[in-house]
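**Student:** Structure provided below as structure tokens; questions to follow.
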Amino acid sequence: MAAASSCGGAGCGPHCPPAAVVAEDATAERLGRLSLSRDCGRCGGGAGAVAVAGGVGLCGECFRAHLFGKFKLSVTSNAMVRPTDSVLLAFSGGPASRVALQFIHEMRSKAIESWDASNSQALPVFRVGVAFVDESVLCSKPEQEIDMAIEDIKSIVSSLSVGVKATHIAPLEDVFSPESTDGEGRLREVVGLIDDDTGKEDFLQCLRMLSLQKIALENGYTKIMLGACASAIACHVLSATVKGRGYSLPADVQYVDTRWEIPVVVPLRDCLAQGLSLLCELDSLKTQQHLDRPSNGINRLVASFIERLLEENPSREHTIVRTAQKLKPFSFNKFSADGYHDFLPSRLRPKFQNVDNDESTFSEILCLICGSPFSESELRNMESTKHKAQKKTDLYTAHCCQNCHFQILPSGGNLYEHFFSLLPKFWTGKVDTVSASHSLLRDQIEEYLLEDNDD
Amino acid sequence: MDSSAVDGARQPPARAGSRLCTRCGERKAALKRPKTLEQICRECFYVVFEDEIHRTIVDNNLFKSGDRVAIGASGGKDSTVLAYVLSELNRRHKYGLDLFLLSVDEGITGYRDDSLETVKRNEIQYGLPLKIVSYKDLYGWTMDDIVKAIGLKNNCTFCGVFRRQALDRGAALLKVDKIVTGHNADDIAETVLLNILRGDIARLSRCTFITTGEDGPIPRCKPFKYTYEKEIVIYPYYAITHYSYILMSLCSTHQVYSYGIYSPNAYRGFAREFIKDLERMRPRAILDIIKSGENFRISTTTRMPEQGICERCGYISSQKLCKACVLLDGLNRGLPKLGIGRSKGMAGGDSDSEQQDKRSERNRSSLQGKHGNIDF
């Protein structure tokens, strides 16, 4: 396809692409795109194949249908979106979240169509809102560029045919409100206390999730949808391994994550970044790259390692994600609330109802900052520190996982108190509640307890 | 077994800001410890290095008093340091072990000759009995013969498969209870990553075990599981200086065979480089990878390959014939590419059906050649 247009109509035929075009083709091929004109392997129609998926060359239409099929399958087979839901899509403006926006919008349009056509109109149609977390406080980009990016985002959302519920542009520092009036200063200060570059980046990631949760809670959303794709998850798998977070890793690579107040769903988990970029290009979906966050430290090293692996084997990302999927997920990686599946089509319902509910009780202890579940050794550590805890800070420290302890908590122990006082109350408040209820319980049963040194 | 900490393990308060050893606070710091970046003196380095290995051995109950233990000695830095440290610790902490050196002679001219010399010197120096088992004796082929038969490509497969068995066979001859190998923390971290990259969940679950093959005849263990490669290099640099020269010259040779340009998995080299970069950025990353590997939640329903025994030689194998027998069969029948890689077409335009015929023929016929009648 590219070769045919390469001569620019100079009449020298499709077999003589100039050198520059050959080089371009090589790059294009690496991106999963076919440069040779071949027929689509699925529809067999006249359209030339433009992309490869599952070893078959697909035309633009089929490629789109292929990706949409994956998206829809993960949404329906995991009961991600119910008719009564209000979905908040985390939108960065990048290709992955752009495609997620397009697809969920498409699903909603179809649902509205069938709602219009149905006689009873008994079931409502889910609603969609878009959230963009504005981190301009921490990046050194000129204001003008940031304004442009935000304008881009607004125009992308407003261009959709069926309107979304709302577009929320929330500055990251809002996570500190309402308890602090100077959110910006507090954000800068707390980030400044973290020495490790990787730690800083991971901490911001946690704040981002908190920000999304806050928007969702304040505006009545019932689900948060992320655009995390297979490539991003592959990077996460390796960086979590490298950071010693092997135990909690399976929690982060599933379709559904209900450990947060508002459950998080990841419908693009099976799509590669290059495919999503290609789709944006083919369908001329507008994206914005002004506010791309450069990654640092270990996360960057992992990303460049994966890039290198891809040169040797383009499907390596899939293999990495598949390995992580074989690990045992946690009980919070599925929807288990009573009546949750009632709105599902009857043919799907048995699938979820047959799931054994042995471990449906949510008993994992989660890290105060990153929310990763504690491994057995971390639990033991926590228990022993909690018993010795004198101050509230000791309690907070005990509730941080080993990785956060190393890369996020400030290096001097005397700074802990200050650090924890700066954190959003949303995090520290949870530990306060737990410890308060624990001590209340202890008070009630005190007379029956034996001292530790009695045995 | 004496598990009390050695004298130097007491931790006096460190004097911040000085160039004194952060551990003893008395002597001048001589090096930055690769594992923790602490500035410590030479004496303290020996102490922590040896003490950590001692702790690993004690905490994991690697040995019982009276065990006969073979040290897999390649003549490279890891196994030489292992032999030295293990014999020292055995003496110091009264483990009560009978230690042996066990070497494999692959028959690679110019490569093994030197390293076997090193091992022979170790035998005298540490007073450990040495047993050398050669490919020639076990399989009837030297590596040089194999390379002549199949060329430079794919010979790593033969060398690796044969070496694994040779060590076990040598150990059986020595009637030992355990084999120890010099695999270090870097090696284990690399294996964890590789198993993630290739999606091998069964291996991922067991590659961080400190002892493997406990249900087999001779378990293997890795006392260097938590020991950094860099520290293994530093240790002889000070402690057994006269060996270090030979060691260094050997490592480079070995690398060519393990990760060289002929290696079929280029990503193994990438992974090793990646780990080195990581270590520079965050030294504890190597231990963190091992920790991740130990803590992965691997479902108990994950299907593990069934361990059987080779019909021909009795060695553990998941197939009817063990890999060594398949490879050996190929060599002896003049089809050296049998058993390498997937069922690709063979060089010289052999068609798939032809190859299948050969395979089924191979399964029917017993090993007729004069070489390789091996019994385990």
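The values are calculated or read from the model by the stated rules, or taken from the named source; none is laboratory data. Please read all numbers here as calculations on a predicted model, not as lab measurements. For neighbour counting, all protein chains shown are included, and Cβ atoms are generated from backbone atoms with ideal geometry for every residue, glycine included. Heavy atoms of the whole protein, side chains included, go into the accessibility calculation; ligands, DNA and RNA do not. Shrake-Rupley method; radii C 1.70, N 1.55, O 1.52, S 1.80 Å.
**Student:** How much of A:GLU417 can a 1.4 Å solvent probe reach, expressed as accessible area in Å² and rounded to 10?
**Tutor:** So the heavy atoms of A:GLU417 present about 110 Å² to solvent.
**Student:** Another question, then. Rounded to the nearest 0.05, what FRET efficiency is calculated for A:ASN119 and A:ALA337 with R0 set to 30 Å and r the Cβ-Cβ distance?
**Tutor:** FRET efficiency, A:ASN119 to A:ALA337: 0.50.
**Student:** Further, regarding this structure: Starting from the residue with the highest accessible area, list A:ILE320, B:ILE234 in decreasing order, probe 1.4 Å.
**Tutor:** I get B:ILE234, A:ILE320, largest accessible area first.
**Student:** Right, another one. How compact is the stretch A:198-274 by the rule of thumb for globular proteins, expressed as Cα Rg over 2.2 N^0.38 Å?
**Tutor:** In units of the 2.2 N^0.38 Å rule of thumb, it is 1.13.
**Student:** With a sphere of radius 13 Å drawn around the Cβ of A:THR397, what net charge do the other residues whose Cβ falls strictly inside it have (Lys, Arg +1; Asp, Glu -1)?
**Tutor:** Surrounding charge for A:THR397 is +1.
**Student:** Sticking with this one: What accessible surface, in Å², does a 1.4 Å probe find on A:ARG380, ignoring ligands, DNA and RNA and rounding to the nearest 10?
**Tutor:** 150
**Student:** A further question on this structure: Tally Lys/Arg at +1 and Asp/Glu at -1 over every other residue whose Cβ is under 10 Å from the Cβ of B:LYS28; what's the total?
**Tutor:** Around B:LYS28, the surrounding residues sum to +2.
**Student:** Shifting gears a bit: Between A:ASP182 and A:HIS405, what FRET efficiency follows from the Cβ-Cβ distance if R0 is 25 Å, with the result rounded to 0.05?
**Tutor:** Between A:ASP182 and A:HIS405 the formula returns 0.35.
**Student:** Note down the accessible area of A:HIS387, probe 1.4 Å, to the nearest 10 Å².
**Tutor:** The accessible area of A:HIS387 comes to roughly 120 Å².
**Student:** How would A:TRP115, B:TRP141 line up by accessible area, probe 1.4 Å, largest first?
**Tutor:** Ranked list, largest accessible area first: A:TRP115, B:TRP141.
**Student:** With a point put 7 Å past each Cα toward its Cβ, work out how far B:ASP145 is from B:GLU43 in nm, to one decimal.
**Tutor:** The two pseudo-label positions are separated by 5.5 nm.
**Student:** Then there's this: Within the set A:LYS243/B:LYS35; B:LYS120/B:LYS323; A:LYS326/A:LYS386; B:LYS230/B:LYS323, which residue pairs have Cα atoms separated by over 25 Å?
**Tutor:** Checking Cα-Cα distances, B:LYS120/B:LYS323; A:LYS326/A:LYS386; B:LYS230/B:LYS323 exceed 25 Å.
**Student:** Run the numbers for B:LYS136 and B:GLU117: contour at 0.36 nm per residue of separation, minus the present Cα-Cα distance, in nm.
**Tutor:** Contour length minus Cα-Cα distance gives 5.0 nm.
**Student:** Mind giving me the nanometre distance, one decimal, between the label points for B:ASP277 and B:ILE309, set 7 Å out from Cα along Cα→Cβ?
**Tutor:** According to this spin-label approximation, the distance is 4.7 nm.
**Student:** Which GluC sites (Glu not before Pro) from the stretch B:171-233 combine a DSSP loop assignment with at most 13 other Cβ atoms within 10 Å?
**Tutor:** B:GLU214
**Student:** Set the Förster distance to 56 Å, then compute FRET efficiency between A:ILE169 and B:ARG19 from the Cβ-Cβ distance, nearest 0.05.
**Tutor:** Working from the Cβ atoms, E equals 0.60.
**Student:** Further, regarding this structure: Taking 0.36 nm per intervening residue step and subtracting the Cα-Cα distance, what contour gain separates A:VAL162 from A:ALA47 on full extension?
**Tutor:** Here the segment from A:VAL162 to A:ALA47 would lengthen by 38.5 nm.
**Student:** Let me ask another. When you look at the Cβ of every residue in A:247-253, what mean number of other chain Cβ atoms sits within 10 Å?
**Tutor:** Neighbouring Cβ atoms belonging to other protein chains average 3 per residue here.
**Student:** Using the Karplus curve 6.51 cos²θ - 1.76 cosθ + 1.60 with θ = phi - 60°, what ³J(HN,Hα) values do you get for each residue of the stretch B:309-319, in whole Hz, with x for Gly and Pro?
**Tutor:** 10, 5, 5, 8, 10, x, 7, 4, 7, 8, 9
**Student:** Here is a follow-up. Ordering A:PHE91, B:PHE270 by how much accessible area each has at a 1.4 Å probe, largest first, what is the list?
**Tutor:** Solvent-accessible surface, decreasing: B:PHE270, A:PHE91.
**Student:** Chain pair B, A: how much accessible area is buried, both chains summed, with a 1.4 Å probe, in Å² to 100?
**Tutor:** 3000
**Student:** For A:PHE203, what charge total do you get from the other residues with a beta carbon under 15 Å from its beta carbon, if Lys and Arg give +1 and Asp and Glu give -1?
**Tutor:** Around A:PHE203, the charge tally is -1.
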